[in-house]
Amino acid sequence: MFIDFHTHIFHEKVQKERESFFAKEPEFKLLYDSPKAKIVGVETLIKTMDEQGVELSVVFGFPWRDGDFARENNDYIIQSVAKYPGRLKGFACFDVLWEGAPDETTRCLNQGLSGIGELAFYLSGIDEKAISHLEPIMEILREKGNLPCMIHTNEPVGHQYPGKTPVTLGQIYNLAKAFPENKLVLAHWGGGVFFYNSMKKDVKTVLKNVWYDTAASPYLYDPSIYKLAVDTGIIDKVLLGTDYPLLKPDRYIKDIEKSGIADIEKEKILKGNAHSILFD
């Protein structure tokens, strides 16, 4: 049994009428315009979890620009967690530039959600404007017990794909530097910023409260990346995240088994690290 730290679910209207959201949400259209881009609800997720041996999943929706869309999706996350309290932990999600984002952060955390994310800056990257809008959200998270915030990041080189942002390694590093006390989860291996944990000065301190999930890893990296995580000293900060329904957990398990890392290190990725950030 293991913990999946990165899954997306949507309420019924989004599942059945995705096109109706495209006009107001260019980022959503970018990722979900193709009918091959799967959209599922909580019941499908729970069924997959049972089939794949997932003990608990962290669930969230999408960083909607429209405040009403964000509230609706967050309400669905709140309801799903209430329905399956032992199986799900929920994060609230929205566009950080939405003026109601801080109030929505407080509302959702007061309703029992466990963090914020996956926040994303699909068209802008994590620029100074993004950092400034994150400040009140990060403050609320600290006040609520330093709950985690997940940020979409990606590697700045290589092939293009829907959802690949213009983020730079410098922007990702500056994000961590701006919020040194917050628990940050950087999706998609943090765009590779963890490679620099091998540097002797500054970086280890800046990245001390940063975790990295494995979302989309089978599409992006060879299994050797898990060994690299061990070698760079961040194996205690790696979280299994599938980006479900993009991929199912078994794709990740195969790569982890091929990686050659020790069993104790596999356990950290599959459950131990996630348990520490969610429950400790």
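Let me have the 222 nm mean residue ellipticity of the chain computed from DSSP H runs of 4+ only, each contributing -39500 (n - 2.57), with the sum over all residues rounded to the nearest 500.
Numbers: 13 runs with 114 residues, N = 280.
The helix contribution divided over the chain gives -11500 deg cm²/dmol.
Under a 5 Å amide H to amide H cut-off, with H placed in plane at 1.01 Å, what residues pair with Glu118 once short-range neighbours are removed?
Amide H neighbours of Glu118: Gly61.
Quick one: if you take sqrt(5λ) for each eigenvalue of the C-alpha gyration tensor of the chain, what semi-axes come out, biggest first, whole angstrom?
Details: eigenvalues 132, 97, 71 Å².
They are 26, 22, 19 Å, listed from largest to smallest.
Looking at segment 22-104, which trypsin sites (Lys or Arg not before Pro) are DSSP coil and have at most 15 other C-beta atoms within 10 Å of their C-beta? Write down the numbers at each step before the final one.
Numbers: sites: Lys24, Lys29, Lys36, Lys38, Lys47, Arg65, Arg71, Lys83, Arg87, Lys89; in loops: Lys24, Lys36, Lys38, Arg65, Arg87.
The qualifying sites are Lys24, Lys36, Lys38.
How high is the relative contact order of the chain, given as a whole-number percent (alpha carbon pairs under 8 Å, six or more residues apart)? Kindly include the intermediate steps, with their values, before the conclusion.
Working: 506 pairs, mean separation 50.6, N = 280.
Relative contact order, the chain: 18 percent.
Would you work out the charge dipole size for the chain about its Cα centre, treating the Cβ of every Lys and Arg as +1 and the Cβ of every Asp and Glu as -1, and quote it to the nearest 20 debye?
On the way: 33 positive and 40 negative charges, 92 e Å.
Using only the charged Cβ atoms, the result is roughly 440 debye.
Could you tell me which helices of the chain pass both thresholds, a Cα extent of 20 Å or more along their own axis and a mean Kyte-Doolittle hydropathy of at least -0.5, with helices taken as whole DSSP H runs?
128-143
Where a Cα-Cα gap under 19 Å defines reach, which lysines qualify for Lys24, not counting those fewer than 8 residues away within the same chain?
Candidates past the 8-residue exclusion: Lys13, Lys16.
Excluding residues on the same chain fewer than 8 positions from Lys36, give the aspartates and glutamates whose Cα lies under 20 Å from its Cα.
Result set, ordered by chain and number: Glu12, Glu17, Glu19, Glu25, Glu27, Asp243, Asp250.
List every residue whose amide H lies under 5 Å from the amide H of Val40, counting only residues 5 or more places away in sequence or on a different chain, with H placed 1.01 Å from N in the peptide plane.
Counting only residues 5 or more places away or on other chains, the set is Phe10.
Counting only pairs 8 or more places apart or on different chains, how many lysine pairs in segment 60-213 have C-alpha atoms closer than 14 Å? Don't skip to the end; give the middle numbers.
Details: Lys144/Lys183; Lys177/Lys201; Lys177/Lys204; Lys177/Lys208; Lys183/Lys208; Lys200/Lys208.
Total qualifying Lys-Lys pairs in segment 60-213 comes to 6.
Laboratory data are not the source of any read-out in this text; all were calculated from the coordinates shown. Because the structure is predicted, anything quoted here is derived from the model rather than measured. Quick reminder, even Gly has a Cβ in these numbers, built from the backbone with ideal geometry, and neighbours come from all protein chains shown.
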